[in-house]
Amino acid sequence: VKLVLKASDVSSAINPDSPPGAILAIEGGDPLEGKPGRVDEFYNLGVRMITLVHYRNNELGDIMRRWRSLDPGPMKNGLTPAGRKVVERMQDLGMVIDVAHAQSTTLKQIVEVSSKPLVDSHTSPCSGEDAAGCGRLRTWKEMELVAKTGGVVCTWPLAYQIGNAVRRTFLDCAKEILEMKRRLGMAHVGLGTDGGGSLPDLIEGYRDVRDLVRLVAAMQEVGFSHEEIAAYMGSNFHRVLRDCIG
């Protein structure tokens, strides 16, 4: 496996003789222990992306929702002073900030501090307007915040039905991406499978990334061009990677 330290380390063409690239990332900034200086340690180890919060309200900020029976601890009322310094240090060094799992206030404050595009690596749109009632899904206002940084909101293969919102098939996903294109712009929509992520329910026919060919077919069916599908499948994220890590 080839370690990706710069965006140029991602090959522009598929070569079966070349090793796959790996972007080292940490889901949850807990190992930083609220110490901005630790960002340098992980950067020097090759880490190029950190999801600031994950399963608990850590030293950097608050999470969107409790994970099963795990106690998230007391809320920090948004991005903490240490969290602000971590955001600034990550972007100074050249790292991608992932806002997945970040509670609405924490997200807004990350956006305010950020000078580079942000990524929400795995979520889906919420039909409601109240972030507190959306669980791990994002309201349109939240997604617009990420898009305004030049960033990308990445959708995952979660199946659900909330009110009139139904997401059960690849075609449902394709129509959802079409609406995201309309409201956010195609440059701000991407793929984020989360590797299945222990999701409670997966869309019909999805087992792993090999089934993404079926999503491509559904996107073609609803009218996406080859270039737009390529943008969703990876080139939008690669643009953010280039802007953030060089």
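See the values below:
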| read-out | value |
| --- | --- |
| Residue in segment 101-110 that is farthest from HIS54 (Cα to Cα), counting only those that are surrounded by 19 or more Cβ atoms within 10 Å (Cβ to Cβ) and of a type in the set (Val, Ile, Thr) | ILE110 |
| Counted residues, segment 164-182 - those being open to solvent by 60 Å² or more (accessible area, probe 1.4 Å) and under 22 Å from ASP243 (Cβ atoms) | 1 |
| Residue that is nearest to the chain's Cα centre (by Cα) [pool: residues in segment 152-180 that are modelled with pLDDT under 95 and aromatic (Phe, Trp, Tyr)] | TRP156 |
| Total residues in segment 123-136, condition free of Cβ contacts under 8 Å to residues at least 60 places away in the same chain, open to solvent by 10 Å² or more (accessible area, probe 1.4 Å) and under 14 Å from the mean Cα position of the chain (by Cα) | 1 |
| Single residue of GLY34, GLY61 found to be in a loop (DSSP other than H, G, I, E, B) and surrounded by fewer than 19 Cβ atoms within 10 Å (Cβ to Cβ) | GLY34 |
| Residue in segment 113-122 that is open to solvent by 10 Å² or more (accessible area, probe 1.4 Å), at pLDDT below 95, touching a strand residue (DSSP E or B) at 6+ places or on another chain (Cβ under 7 Å) and within 19 Å of PHE237 (Cβ to Cβ) present | no |
| Where a residue in segment 195-217 is in a loop (DSSP other than H, G, I, E, B) and its partner, wherever it lies, is open to solvent by 60 Å² or more (accessible area, probe 1.4 Å), with Cβ under 9 Å and at least six apart | ASP201/ARG168; ILE203/ARG168; GLU204/ARG168; GLY205/ARG214; TYR206/ARG214; ASP208/GLY195 |
| Pick from segment 37-58, criterion open to solvent by 20 Å² or more (accessible area, probe 1.4 Å) and among the hydroxyl-bearing types (Ser, Thr, Tyr), ranking: modelled with the lowest pLDDT | TYR55 |
| So ASP98, is it open to solvent by less than 10 Å² (accessible area, probe 1.4 Å), at negative phi, in contact (Cβ under 8 Å) with a residue 60 or more places away in the chain and in contact with a helix residue (DSSP H, G or I) (Cβ under 7 Å, 6 or more places away or on another chain) | no |
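For every residue, the table says whether it meets (1) open to solvent by less than 30 Å² (accessible area, probe 1.4 Å); (2) without any contact (Cβ under 8 Å) to a residue 24 or more places away in the chain; (3) in contact with a Phe, Trp or Tyr (Cβ under 9 Å, 6 or more places away or on another chain).
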residue	(1), (2), (3)
ILE162	no, no, no
LEU191	no, no, yes
ILE229	yes, yes, no
LEU241	yes, no, no
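The values are calculated or read from the model by the stated rules, or taken from the named source; none is laboratory data. Please read all numbers here as calculations on a predicted model, not as lab measurements. All Cβ positions, even for glycine, are placed from backbone atoms using ideal geometry, and neighbour counts span all protein chains on display. Please note that ligands, DNA and RNA were not included when accessible areas were found on the heavy atoms of the full protein model with its side chains. Shrake-Rupley method; radii C 1.70, N 1.55, O 1.52, S 1.80 Å.
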